[in-house]
Amino acid sequence: MDSRNIKEPTPQIEDGKHLEKIYDLQKELLDSYIKIEGLPSYPIDVNSKKSQIILKDFTGRVIEELGEGYESMLKVFNKRLDYIKDMDNKETFLYIKAEVQNLNEELADALHFFMELLIYTNIHPEDIYQYCKTTAKNLGIPLYDCCCLSQMLTFSRNMVMGSEIDLPNKTLIRIAHEEDECIPVGWETSEDFVRRCAIQLWDVTYSLSIARNCLKNKPWKQSGELTDENLYQNLLCESFVKLCGFYALMGYTDKTLFSVYFKKNMVNKFRIASRY
């Protein structure tokens, strides 16, 4: 079962509070995972060895899902010439559509795990917004306000790529609002675009790795070392904003990003209920 099996319409979110809704929905899932996996309640003490093992694990899960998503992107990119040569080839089209769908699934998974990382470290949507405001001021990037996911996607794109960048007309994912379904449109995407995505994903991974390195109490280490919690949380905020920059590059909006998240959330709820 995957998101294609979810027929429930994506809820309409008022006042642009898509990130807040994602955060709340992930809390509901995490409450179930706490019982299933024996995880601790949130937030956790970032200085304990057990907590740091969990935080490092969730960090690794985010990176893994992003890698799997990029793998699907490359498969679409490598197949694009076959499709251009023969657009009536149903087999090629279905192959591309399946990989685009998988790309959506993996990027939704990455968002799920990142939300759990934020929840466990007591970082809330308003903390992310405040990070954007402070960073905009420090970098001299125009930002009149940041209080919703839409504004944050725009800001994150500007922060990591510059405000003058032109996004390609065709990207690897899109959501058709009338069908609420993944529609592949990316087989004409250029090599430069795929390379730009790889660079952006490395930026996300780098920031996550530096954040992870703040957690010094390794299982074999006998002497304890306090975590610089402000630095750690700031690096996690930076990582998340960079991830949003990647989503913006891919063509996601607040509504489409919430849509792919919501569908995967419903899949996970089904798996929990069915003891998958």
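Values for this structure:
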read-out	value
Using a Förster distance of 22 Å, the FRET efficiency for Ala273-Lys27 (Cβ separation, nearest 0.05)	0.80
Per-selection Kirkwood Rh - the chain (Cα, Å, 1 d.p.)	19.6
Global form of region 11-163, assessed from the alpha-carbon gyration tensor, a/c cut-off 1.5	oblate
Degrees separating the helix 18-37 axis from the principal Cα axis of the chain, which is the longest one	70
Translational diffusion coefficient (Stokes-Einstein; Kirkwood radius from C-alpha pairs) of region 1-50 at 4 °C, 1.567 mPa s, in µm²/s	94
Heavy-atom accessible area per residue - the chain, 1.4 Å, Å²	50
Rounded tilt (10° steps) of 149-161 against the dominant C-alpha axis of the chain	90
Arg195/Asp2 FRET efficiency (R0 22 Å; Cβ-Cβ; nearest 0.05)	0.20
Helix 229-250 vs. the chain, principal-axis angle (Cα, 0 to 90°, nearest 10)	0
Potential lengthening between Lys56 and Gln12 on full extension [0.36 nm per residue; Cα-Cα distance subtracted]	12.4 nm
Per-residue ³J(HN,Hα) for region 190-201, Karplus 6.51 cos²θ - 1.76 cosθ + 1.60, θ = phi - 60°, Hz, x for Gly and Pro	7, 5, 4, 5, 4, 5, 4, 5, 4, 4, 5, 5
The chain - mean residue ellipticity at 222 nm from DSSP helices (-39,500 (n - 2.57) per run, n ≥ 4, rounded to 500)	-23000 deg cm²/dmol
Percent carbon-and-sulfur accessible area, the chain, ignoring ligands, DNA and RNA, probe 1.4 Å	50
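The values are calculated or read from the model by the stated rules, or taken from the named source; none is laboratory data. What you see is a predicted model; the values in this text were computed from it and never measured. Reconstructed Cβ throughout: ideal geometry from the backbone, glycine too, with neighbour counts over all protein chains shown. Ligands, DNA and RNA are stripped out before the accessible areas are found, and what is left, the full protein with its side chains, is counted by its heavy atoms. Shrake-Rupley method; radii C 1.70, N 1.55, O 1.52, S 1.80 Å.
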